[in-house]
Every structure is written in C-alpha cells, then in structure tokens.
Amino acid sequence: MTTTADVLAHHIESMGAGDGEAILSDYADDATLLTPNGVFNGISDIKAFFDGFMTQLPPDFITNLVLDVNEVDGEYAYIVWHSGDAAPLGTDTFHIVDGKIAMQSFAAYMPS
C-alpha cells in the first residue's frame, strides 16, 4: 500500500526533477486542482495547468525551492515552501486517496 507520505515524496521529487509525466502519474484520473487561476478537473486539465506553470518559472526556481513545512495526517498532506525572491511563499494541500492525489489546492506569492 502506498502511503500519503510516499505519494507526497514522489510528487515533490518529480516537481524537483521537472518530470511532467511523473508529476501527472501522482493524480487520480478525476482529480481536482484548485488554484488562484481557476479549478482544473481531470488529468488533461491538470496537465494543461502544469505545462503553463512550469514554462513560466524562472530558470533557477526549482534549484532554489526549499520545503519549509511538510505535514501528513492520514489522507491529508500540507506543505509550505519558498523559492528565493521568485516565490517567497507557496503552499499546497493534498487529499490523497488510494495512492493518488484526489484533490490539491495550490497558492503562491510570486511578485512580478
């Protein structure tokens, strides 16, 4: 059985590697991603979000990414992170069911 902590660790590792296929493999087919830019439902919508998000990041965003808080409680996970001046504050909350992300909320302060 894959635990919530296992899925979260894989997701963070995949984000750090910039591996879009691995990132998407963490989501359930009918997953929901809630963001300040809207709600993305299902793998194709979530893929579209990540395709846009990852291409807009500064080149050193991933290498500067620091995980400040990593909390797991049953099916729920919460992280707080930052990436230098590009994103002084970011947060994600996950609901992980049967080894897949069923719901994620994401927000980050990314000054222009």
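A short reminder: the numbers here are calculations on the coordinates, not readings from a lab. Here the structure is a predicted model, which means the values were calculated and not measured. For neighbour counting, all protein chains shown are included, and Cβ atoms are generated from backbone atoms with ideal geometry for every residue, glycine included.
Measuring from the lowest to the highest alpha carbon on each principal axis, how far does region 47-92 reach, largest first, in angstroms?
That works out to 34, 25, 14 Å along the principal axes.
Could you tell me how many degrees, from 0 to 90 and to the nearest 10, lie between the Cα long axis of helix 4-17 and the main elongation axis, the longest principal axis, of the Cα atoms of the chain?
The angle comes out at about 40 degrees.
At 222 nm, what helix-only mean residue ellipticity would the chain give, in deg cm²/dmol to the nearest 500, using -39500 (n - 2.57) for each DSSP H run of four or more?
-9500 deg cm²/dmol
Any chance you could get the radius of gyration and Dmax over the Cα atoms of the chain, in Å?
13.1, 42
Hey, what did region 7-112 get for relative contact order, percent, Cα under 8 Å, at least 6 apart?
25 percent
Hey, what angle do you get for helix 42-56 against the long axis of the chain, alpha-carbon based, 0 to 90 degrees rounded to 10?
Compared with the principal axis, the helix lies near 20 degrees.
Rounded to the nearest 5, what % of the DSSP beta bridges within the chain are antiparallel ones? Write out the running numbers ahead of the final one.
Working: 27 of 32 bridges.
If we restrict to bridges inside the chain, about 85 percent are antiparallel.
To the nearest 20 Debye, how big is the dipole of the chain about its Cα centre, given +1 on the beta carbon of each Lys and Arg and -1 on that of each Asp and Glu?
Details: 2 positive and 17 negative charges, 49 e Å.
About 240 debye.
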